[in-house]
Amino acid sequence: MSRLWNRLKHNLWLKIAALFFAILLWSFVISETDPERNRTYGGIPIEVVGVAQLDRNNLAIKGEVGAIFTDANVSLSLKVSELGSLESSSVGVIADVSAITEPGKYSIPLTGHSPVGSVVKVIPASITIEVEEKVTAQFPIQVIKSGDLTEGLYSTDPIVTPQYLEISGAASDVAAIRNVVIRLDETGLTSSYAARLPAELLGEGGETISYKRFFSDQPTAEVNMEILPTKKLPIDTSSILEDADAVAQGYRVAGVSISPAEVEVAAPAQVLAGLTKISVEKVRIQGANQSMELTTQIILPKDVVSAGAREVTVKVEITAAE
């Protein structure tokens with residue numbers, strides 16, 4: 001070890017000077033010749049151009065364009081002096097679909113570009129797409145409620161604006177949509193509700209279809225819904241029979257029963273306070289000679305909605321007159 005150290009110390013300054021001048025010489029050669037080197041830039045986003053031309057030709061790319069054309073790697077030949085100054089954000093990749101004029105499968109070449117240097121290759125070199133006829137359809141927007149309101153409260157049917165969502169895209173993509181829904185969680189709601197909520201596209205099996213196939217941003221709709229207090233009211237049976245005395249000769253009405261005997265309704269508190277019973281549409285038994293079971297609708301006063309049953313069953317017992 002000591003012998004090695006002695007050798008290193010021998011003419012040490014001369015050796016250091018030689019190394020220094022060698023580095024200077026190498027730097028001079030590099031600066032004078034500026035040789036080229038290859039460098040690969042990864043994860044470069046692919047810019048798709050020509051989509052507007054496709055649209056004018058009534059065509060659309062099947063699937064989610066952003067998921068098809070994701071990113072690519074670009075290999076550049078650069079001078080040594082350029083290596084340190086080029087940012088990856090300055091490197092780009094273009095996929096041009098403007099030449100497509102009819103449906104079919106196409107291999108779209110990817111073209112790289114850079115403000116300095118030259119493109120050696122792009123990986124992948126191309127991407128295969130399927131182009132279809134562009135169609136437009138309208139779908140009703142449904143609201144799916146979840147969660148539980150506080151007992152004694154009732155939510156009305158939501159009002160959605162707009163009522164329909166217009167969707168344009170590749171024919172098979174649009175055909176895959178079965179429903180457009182908005183999910184509304186009622187948990188904790190105690191007063192009238194208004195909000196703009198995202199719409200979800202569902203397929204035949206209830207699976208979510210990405211909105212990005214058709215929209216740049218997720219579609220939304222305005223949802224308005226009233227939260228009202230509830231009250232249980234008995235059915236008014238005093239005049240439920242329209243023609244109680246018109247049964248067949250020799251018969252009489254022995255009794256009337258209603259199921260359910262009371263119904264739950266919802267309304268603003270001041271309206272509920274004035275309600276003591278609820279009426280139903282009259283039933284006709286003219287000419288009857290046997291007991292009958294009929295259904296009839298609840299009659300709701302102004303500003304009152306049903307929070308449960310909307311019809312009741314009326315059983316009329318008819319017996320022979322004594």
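When the dipole is taken about the Cα centre of the stretch 171-222, and only Lys, Arg (+1) and Asp, Glu (-1) are charged at their Cβ, what size is it in debye, to the nearest 20?
Dipole about the Cα centre, nearest 20: 120 debye.
Got a sec? Charge dipole of the stretch 203-322, +1 on Cβ for Lys and Arg, -1 for Asp and Glu; which of Tyr251, Val271, Pro219 is way out at the positive end?
Final value for the positive-end residue is Val271.
Under unit Cβ charges (Lys, Arg +1; Asp, Glu -1), what dipole magnitude, rounded to 20 debye, does the chain have relative to its Cα centre?
With only Lys, Arg, Asp and Glu charged at Cβ, the dipole is about 2000 debye.
Can you run phi through the Karplus equation (6.51, -1.76, 1.60; θ = phi - 60°) for the stretch 192-199 and list ³J(HN,Hα) in whole Hz, with x for Gly and Pro?
Each residue of the stretch 192-199 in turn: 3, 10, 8, 6, 9, 10, x, 9 Hz.
Taking the number of other C-beta atoms within 10 Å as the exposure measure, put Met225, Met292 in order starting with the fewest.
Starting with the residue having the fewest Cβ neighbours, the order is Met292, Met225.
Using Cα springs under 10 Å in a Gaussian network model of the chain, which residue among Glu242, Glu200, Glu262 shows the largest mean-square fluctuation?
Fluctuation is largest for Glu242.
Taking 8 Å as the Cα distance limit and 6 or more residues as the minimum spacing, I'd like the relative contact order of the stretch 60-118 as a percentage.
41
Just checking my list (1) 15.2; (2) 16.5; (3) 36.1 against mean projected area of the Cα convex hull in nm² computed from this structure; which label fits?
Read-out taken from this structure: (3).
Among Ile209, Ser114, Thr101, which residue has its Cα furthest toward the positive end of the charge dipole of the chain, with +1 on Lys/Arg Cβ and -1 on Asp/Glu Cβ?
Toward the positive end, the furthest listed residue is Ser114.
Which whole-number percent gives the relative contact order of the chain, counting Cα pairs below 8 Å spaced six or more residues apart?
Averaging sequence separation for qualifying contacts and normalising by length gives 12 percent for the chain.
If I build a Gaussian network model for the chain, linking alpha-carbon pairs within less than 10 angstrom, which residue out of Lys232, Lys62, Lys134 has the largest mean-square fluctuation?
Lys232
Give me a comma-separated list of calculated 3J(HN,Hα) values for the stretch 220-228, in order, Karplus coefficients 6.51, -1.76, 1.60 applied at θ = phi - 60°, integers in Hz, x for any Gly or Pro.
After applying 6.51 cos²θ - 1.76 cosθ + 1.60, I find 9, 8, 7, 10, 10, 8, 8, 10, 10 Hz.
For the stretch 230-320, with equal point scatterers placed on the C-alpha atoms only and solvent neglected, what are the log10 I(q)/I(0) values from the Debye formula at q = 0.20 1/Å, to two decimals?
Treating every Cα as an identical point scatterer, log10 I(q)/I(0) equals -0.86.
Let's see if you can work this out: charge +1 on each Lys and Arg Cβ, -1 on each Asp and Glu Cβ, no other charges. What is the dipole magnitude of the stretch 134-229 about its Cα centre, in debye to the nearest 20?
So the magnitude is around 400 debye.
Taking a threshold of 26 Å on the Cα-Cα distance, which of the pairs Lys282/Lys302; Lys232/Lys315; Lys145/Lys231; Lys105/Lys212; Lys62/Lys145 fall above it?
Flagged as over cut-off: Lys62/Lys145.
Tell me, in nm to one decimal, what length is gained between Glu204 and Asp96 on full extension, where the rule is 0.36 nm per residue of separation less the Cα-Cα distance?
35.5 nm
Can you tell me the mean projection area, over all orientations, of the convex hull of the stretch 134-229's alpha carbons? Units nm², please.
Orientation-averaged projected area of the Cα hull: 6.2 nm².
By how many nm would the segment from Ser126 to Leu275 grow when fully extended, if each residue of separation counts as 0.36 nm and the alpha-carbon distance is taken off?
Taking 0.36 nm per residue and subtracting the Cα distance, the gain is 46.3 nm.
Once the Cβ-Cβ distance between Thr136 and Val305 is put in as r, and R0 is 35 Å, what FRET efficiency do you end up with, to the nearest 0.05?
Efficiency, from the Cβ-Cβ distance: 0.45.
Every read-out reported here was derived from the displayed coordinates using simple, explicitly stated rules and does not represent laboratory data. Just so it is clear, the model here is predicted, and its values are computed rather than measured. Glycine gets a Cβ as well: all are built from the backbone with ideal geometry, and neighbour counts include every protein chain shown.
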